[in-house]
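Have a look at the structure below, then the notes.
The values are calculated or read from the model by the stated rules, or taken from the named source; none is laboratory data. Small disclaimer: the values here were computed from a predicted structure and weren't measured. Glycine gets a Cβ as well: all are built from the backbone with ideal geometry, and neighbour counts include every protein chain shown.
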Amino acid sequence: MHRFDQLWRQLTPRQRRQMQLTGAVLVGFLLVALIAGVAFQLGQSIGLARAQEAAATAEAIRSALGLSLAPTPSATATETLEPTFTPTRTPTPTATPAGPTEWAERYFNLAMQGLSTLAALDFTPERAGALVERLAHEQGLTFVPASYYQISADPWMAFVSPRTPDGVPLPMFFWRNAEAGNVIEGQLLLNIAGGNTGHSAAAPLLQAGIGQAALGVDAQGARYLLIVERPEARPTLTAYLWRQPLPGAPFEVLWRSDDEPQWRFDAANSEVRFEWNEDEPLPDIIISGPLPADSPIRTAEGATGVFIEQPPFAQQRFQTRWRPLLASELDANALPRIVGYRLAQAEVEPTPLSTLATILVQLQSGQISRAQSLVKRIDLLNEMFDLGLAAPGDWMAVYVNEIDREIQDTGQSDAALLPLRLRFFDNADRNRSFEATFEQDFATGRYLLTSIGRVVLASSAGLVTPAPPRPTPTPTEIAVAAAPAVIDLGEFTITLPTEEEGAPLNPTLEPTSTPTLTFTPTPTDTPTPTDTPTATPLPTDTPTPTPTEKPLPIPTIPAEAVPPLTGYMLLSETGRLRGGPGTDYIVIAGLENGTPVDIFGITEAGDWLLIRAAAVNDGRTGVVGWVATQLVIPYGDYEAVPRYRADGTPVDAPPQGDSSEAGAGRGTETSLLAALPTATPTPTPLVTPVIRLPSVATPPTGNIPAPEVDEQVITMAGSAIPANPMLPLAATNAEGAAIQVDVREAVVEIWSTVLGATEGRWTPANAALLWPGAVVYMKAEPAAVNSEGAASWRAVRMRIVSAPSMERVKELSLPEIAEATASFRAIALLGGSTMPGLFLLQQDGRAQQIWQYETAARWLASDPNAGFIVTEPMFPGGLSTFSWVRNDGTGLQILAQPFRSIRGVAGDAYGGLWWIETPDATLDLWQLWHYDPATAQISLRLQGNGEMFSQASGQQNARLRPTLVAVQLVTPGDPSDAYLFADTDDAISQQPFAGFFRLRLETNAEGRGVVTEGPQQLLEKGAYRGPLVLSPDLSRLAFFAYDADHPSLTSGAVRPPNTFNVLTLTGRGASIIRTAYVTETRFEFLGSAATWQGAERVILARSRFAPGASEQEDWFGLVQVELPPPGASPADPITAQSYLLPRQQSALAFAACLDDASILVLTRERNGSQQLVRWEGGNQVFPLFSIPTPLDRLFLCWQPS
C-alpha cells in the first residue's frame, strides 16, 4: 500500500486524470455485465415458470377434453400375499382413507383443483360434470346416477356425491361465483345434519341425492337453494331451503319441511313439480299425492275418512301449493327476505274414490239429498240404501281395469287415467262386497256414480286383500316314522334328522315370533274343508276339495321331491293358495309374508305358479297349490321349471319321487337349505343314565297382593312362548270359561317378587311375558263374543302375579356325539350365520345335523372331557336355555326360570355349571345359579343387583348387569369357594363393556353364597373391547382395545380394535397388562375373534372392512401370538407370527383343536366357494374339505383330520 502511494504521488495531474477515467470505464463495463447476467437468469426463471404453467394448462385442457397423457404409474391390485388397500384407479399410490370424512376431504380438494383449472380455460357444465365423475373413479370412489345433479347451468352449480367403496355417500356442493370472476367455490355437506333448524342430531342431509332443485337470487343479492330430496332417502317427502348470506360464504339450512306439521306426504307415492312465478326468486312447490288419515290438510279440506286408505288399495289424492314465505309476512318491520315455505292452497283431487267416499258419508249421516249431484240417477241412492251401505264398515277399495284385473294404486298415477270401476268391501264382513262404476263430468271434472251392485269376491289374482282373523287350531301331533335324510354333496355329505315320535324336548321351545327358513317333509295332501268337524281317517294321497264342477289341477308331489326352484312369498296382507291357476278356483289355505315355497310348475303365460308351501295359516305344512306369480320372489329364474297349461294340466312331465336325479347339477346351497327340518330333534332318554337328573331348589316367593275391585283373575292359555301381543290371547277366567283378550293397548306389569325380588312392587313388563299358565289380574272392558262363543275383552291393564309351572332341566342323550368321539371320527362342529342349526363334521366328510335351533357352541373348561355348551339365540320375552353335552353324548338341557334370560354360562373340569339369570323386565336384579354334579342339585347361590358393580367402578347413573365369563375354584373339586369373573353392560345407556370384575364367593351352611372379596374391577369402562377370553388355566385374560394414537383402519364413528392385550390374573406379574400385539399397518384392524391354544398361545385375525359393507369384517390373515410361560418374568419377550391368506381369500372362522398344535380355519374364495383347512402356525395351510356356503361358522375342533 505504501509502494502504491509513492507511485501515485510521482504521476502528473494529467496522468492521474487518465488513470481515473480508465478505471471508471472498466467499473462501468463490469457493472453492465453483472446487470446483464442477473437479467438473463431472471428471464430464464420467468420463462421456465411460464412454460410449466403452459404445460399445466395443456394438461387441464386434455383432461377436460377427455384426452389421455402419458400414464402415471398406478397401484394395481394383484393376487399377492399382501392385501391391496390402494384403489386400482388412483393415479399415484396413496393410502386408503380410514373413513368417509377423509374420503370426502381428499376428493373435495382434488375436485376443487380440477374445477378451478377448468374454470380458467373453457369451462362448460358438461365438462365439469364429466370431470368430477372421472376424478371420483380415479380416487377409487363409486359414481352412480344419483351422485351428480346439476342445479343450475348459468350460473353453474352442482350437487356431487360420490360414494366410498363401502357405499357411504359424500355429499358436497360446487358452484361458480360470478361476483368474484367465476372462481370455483365448494362446500362439504357430510357432517351437516340440520343446520340452523335444530336438527343436528338428525340423519345427514342429502344422503340419497337430489330429486329436484332450484337456485334463485333475491333483490338483496342473497342466493337461495331449494332442494327436494330423492324419495329413497326417507319415508316422508323432504325438502330443504338453503341460503347463502354473502357471496363466497357457505350455504346454511334455512328451512326444512320436517318443521311443518302440515307436510305429511309419503315420499314414494307423491309427485312434485316446481312452478315459477314472474319476478319471484324461487318457485312454488306443487305436491300431488295421498295423505295419512290424521293429516291436518285432510281435516281442513273435509276429506272423508270412511275408507281405509293404504297401498296398494285405492287412496284419495290431494294437491297442495307451497309458496315462499317472506319475513315481512310475519313481521311488518322485517325485510322482505325469504325465510321458508308456507301452505298456500290445498284441494281434494276428483277421483272415483272421493266421489264414493262422499256418497257413503251422506248415506250414513242420513243426508241423502246432498249426494244427488254425485250420481247419474237418483234411484242409485235407493239401491245403495237397500244394499245396506248406510251402515258403517271397515271399507277398503281397489280399482279394476277393463280386463277385470285389480290394480294397485300407488298414488302417483294420473287421476284421469284411473279406471272407472271400483271394487270395495267391508274388511270386517266379507259378505259386504260391492262394485261401482263411474263416468267423468268433463265440465266440472267430478266423477258420477253410474252403477252399483254386489260381487261374490273382493279380490282377484292381481291383488291380495287382507283376510279376516281366523281361529288358530291346536295342532295334533302325529307320529310319522321316517329315516334321516342324507344329501350327498360330493366329498361333503349333509345328514338331516327327522322328527321322532312323541313330544319334543320342550313343546314351546320354538320362538313363535321369529320365522325360520325351514322345510318340513310332510304328506302333500289337502284335508277336506267342512263346516262341522267329524272323525275322519288320516288324509289320503289324493286331496278331496269341496265338491265343485271343476276338478282341482293339483298333481301329486311326493314329500321327498326336490324342487327345480325355491323362493318365498312377498305379501302385504294374507295371501291365498288356490286349487288351480285362476281366481275361479277355491282357496285351500292362507299364506303369510316370508313363507318359504318350493316351485314345481309355472303356467305357459307365466302368471301362476304351482308351489309347495312350507307352512300355511291353519298349521299344515308342505301344502301344494297355485299362487299368482307376482306374489313370489324366486331364488333364480323359471327356465328349469316345468310348464303347465292355463287349466293346470302339465305340458312337461310332472316331478318324480326320486330326488337324486332332480337335484343333479344344482348348487349345494339350494339342496342344503331345502332339506332342513323344522323340529328340534328329540333327545332319546337314557336307559342307563350316567348323569343323574338333578333336583331344582325353588326360591321362596313373596306375598302376592289381592286383586283390586275392578280386576279379574285369569289364567293365560295357548301355547306360544313368547306371547304375540298383536293378536288376541286365549285365557280362562275364574269360572273356567274360555275368553279372548286384546292386549295391544294394555299396560303390562309384573309383581317383582315373581322375579325373585325381596320387596314387592309393580314393575313395568313386556306383553310378551303373558305366557300360557301365567296368572294375571286383568282390568278390561268387554268387547264382543267371537265366532266360537268366547267372550272377548279389551284389556286396559294386565298384572302378572304368578309364573307358569315348567320343567327347569332335562336329561340329554346324543349317541351321534358319543359314537363319533369314541371312534375318533369327530372333527368339528359347524353352523351358519344365516340359518340356525349345528352340524357334526366327521372324517368321512359327512356333516350330520345334531341341533336345529342352536346357533353357537364352546368348550366348557380346559379339560375337553368336561364337555361343551350349546346355546340358542335369545328372544325378548322368550324361553332362555342352554345345553351341556359331554363327549360321551350325555348331558343336560337347562332352562331359565320363566320371565328370565341367561347371561353367561361357565363351568369347571369337575362338571359343575354356573350361570346368571336376569329378569325380562325393568328390575335391577340378577341371580347366580349352580349345578353341582356331586349332589345332583341345582340351587340359587347368590342374588344381587347392579349397585355392587356400580360402586366398585365408581360409575354414577349406571345400572350394570353382569354376564358370567368364567369360574375358578379355589380348591379343586370344591364348589363352596370360587372366584367369579363377570363382564358388565349398562342397562340404562345400553352400552357394553362397562367393566370387568372378579369377586370371591363362599357358600355358607345354608347353601347360600356370600361375597367375601370384591367385586374388584380388573378392566374399567372404555379400556377394553370384547371378546374376553380367559386362558385354559384361568391365569390370563385376553382382550382387545382401541388405541387412538396407533393408526388403524376406521369407518367414521366405527373404530374397531387395533390392540390385543393380556392381563395376568394370578402368580408372578399379577395385575400387569401387557400389549401382546398391535395392527401392523394403518390399513387394517383386529377381527372380533380370539382363541387360546394352550396357556401360552393365542390366535387372532387381521381384518379390514369388506367391500360394500362399511362395518362387516373381512379377515385376510391370521396371527399366532406366543406368550411367555405362566409365572415367567413380565419382561420376557412376546413374539407373533402372521399368515396372510393367498389369492385374496377370506377367513370366516377358526377354532383351536384339542391337540394344542393345529388350528382349523374356514376360508372363502373370491368365487364364494368355501374350504376347511388346517394351519399349524407356519407359512402354509393344508386343505381338508370343501364346505357348503350356508355353513360359514366353525365352533369346536376335536382333531384336524
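Within the range 107-152, the residues that satisfy the criterion of being among the hydrophobic types (A, V, I, L, M, F, W, C) and over 38 Å from the mean Cα position of the chain (by Cα) are Leu115, Leu118, Ala119, Ala120, Leu121, Phe123.
Number of residues in the range 401-410 that are surrounded by 22 or more Cβ atoms within 10 Å (Cβ to Cβ) and touching a residue at least 60 places away in the same chain (Cβ under 8 Å) equals 1. Against the conditions (1) touching a residue at least 60 places away in the same chain (Cβ under 8 Å); (2) closer than 30 Å to Thr701 by Cβ, Tyr853 satisfies every one except (2).
Residue-level check: of (1) crowded, with 18+ Cβ neighbours inside 10 Å; (2) in a helix (DSSP H, G or I); (3) among the hydrophobic types (A, V, I, L, M, F, W, C); (4) touching a strand residue (DSSP E or B) at 6+ places or on another chain (Cβ under 8 Å), Ala300 misses just (1).
Applying the criterion of being crowded, with 24+ Cβ neighbours inside 10 Å and out of contact with any Ser or Thr (no Cβ under 7 Å at 6 or more places or on another chain) to the residues of the range 603-626, the residue that is farthest from Pro558 (Cα to Cα) is Trp626.
Residues that are touching a residue at least 60 places away in the same chain (Cβ under 8 Å), assigned to a loop (DSSP other than H, G, I, E, B) and under 26 Å from the mean Cα position of the chain (by Cα) within the range 1050-1082 comprise Thr1050, Gly1052, listed in sequence order.
Restricting attention to the range 1075-1130, the residues being in contact with an Asp or Glu (Cβ under 7 Å, 6 or more places away or on another chain), closer than 27 Å to Val1054 by Cβ and not small (Gly, Ala, Ser) number 3. Of all residues in the range 981-997, which are more than 12 Å from Glu1020 (Cα to Cα) and either buried (at least 19 other Cβ atoms within 10 Å of the Cβ) or more than 41 Å from the chain's Cα centre (by Cα) (or both)? Phe981, Ala982, Asp986 - these are the residues of the range 981-997 that are more than 12 Å from Glu1020 (Cα to Cα) and either buried (at least 19 other Cβ atoms within 10 Å of the Cβ) or more than 41 Å from the chain's Cα centre (by Cα) (or both). From the list Arg761, Arg794, Arg846, Arg825, the one residue that fits, being charged (D, E, K, R) and surrounded by 19 or more Cβ atoms within 10 Å (Cβ to Cβ), is Arg846. Note on the range 727-780: residues that are free of Cβ contacts under 8 Å to residues at least 24 places away in the same chain, among the acidic types (Asp, Glu) and in a strand (DSSP E or B) total 0.
Residue by residue, here is whether (1) acidic (Asp, Glu); (2) under 35 Å from the mean Cα position of the chain (by Cα) holds:
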site	(1), (2)
Arg808	no, yes
Leu829	no, yes
Pro836	no, yes
Asp844	yes, no
Arg858	no, yes
Phe875	no, yes
Asn887	no, no
Leu913	no, yes
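When the range 179-223 is limited to residues that are β-branched (Val, Ile, Thr) and assigned to a loop (DSSP other than H, G, I, E, B), the one that is modelled with the lowest pLDDT turns out to be Thr197.
For the range 138-150, what are the residues that are farther than 14 Å from Leu170 by Cβ and out of contact with any Gly (no Cβ under 7 Å at 6 or more places or on another chain)? Across the range 138-150, the qualifying residues are Glu138, Pro145.
Which of the residues belonging to the range 367-384 are exposed (fewer than 12 other Cβ atoms within 10 Å of the Cβ) and more than 20 Å from Leu420 (Cα to Cα)? Across the range 367-384, the qualifying residues are Gln367, Ser369, Asn382. Going by the structure shown, is Ala334 in contact (Cβ under 8 Å) with a residue 60 or more places away in the chain and either over 30 Å from Thr583 (Cβ atoms) or part of a loop (DSSP other than H, G, I, E, B) (or both)? It is false that Ala334 is in contact (Cβ under 8 Å) with a residue 60 or more places away in the chain and either over 30 Å from Thr583 (Cβ atoms) or part of a loop (DSSP other than H, G, I, E, B) (or both). When Gln1120, Gln1112, Gln1144 are checked against the criterion of being within 22 Å of Pro1056 (Cβ to Cβ), without any contact (Cβ under 8 Å) to a residue 24 or more places away in the chain and surrounded by fewer than 21 Cβ atoms within 10 Å (Cβ to Cβ), Gln1112 stands alone in meeting it. For the range 697-710, the count of residues that are outside any loop (DSSP other than H, G, I, E, B) and either of a type in the set (A, V, I, L, M) or under 30 Å from Asn865 (Cα atoms) (or both) is zero.
Residues that are part of a helix (DSSP H, G or I) and touching a strand residue (DSSP E or B) at 6+ places or on another chain (Cβ under 7 Å) within the range 133-149 comprise Glu133, Ser147, listed in sequence order. Ala1157 passes every criterion in (1) surrounded by fewer than 16 Cβ atoms within 10 Å (Cβ to Cβ); (2) more than 25 Å from Thr1075 (Cα to Cα) apart from (2).
Evaluating Asp584 against the criteria (1) over 24 Å from the mean Cα position of the chain (by Cα); (2) surrounded by 18 or more Cβ atoms within 10 Å (Cβ to Cβ); (3) closer than 30 Å to Asn427 by Cβ leaves one unmet condition, (2).
The single condition from (1) touching a residue at least 60 places away in the same chain (Cβ under 8 Å); (2) in contact with a Leu (Cβ under 9 Å, 6 or more places away or on another chain); (3) at positive phi; (4) in a loop (DSSP other than H, G, I, E, B) that Gly1014 fails is (4). Quick check: is even one residue across the range 930-947 touching a Lys or Arg at 6+ places or on another chain (Cβ under 6 Å) and surrounded by fewer than 17 Cβ atoms within 10 Å (Cβ to Cβ)? Yes, that holds for at least one residue. Please state which of the following conditions Arg317 fails to meet, knowing it meets all the rest: (1) among the basic types (Lys, Arg); (2) over 39 Å from the mean Cα position of the chain (by Cα); (3) within 29 Å of Leu449 (Cβ to Cβ). Just one mismatch for Arg317, condition (2).
Filtering the range 627-666 to residues that are surrounded by fewer than 20 Cβ atoms within 10 Å (Cβ to Cβ), outside any loop (DSSP other than H, G, I, E, B) and at pLDDT 85 or above leaves Thr629, Arg643, Pro650.
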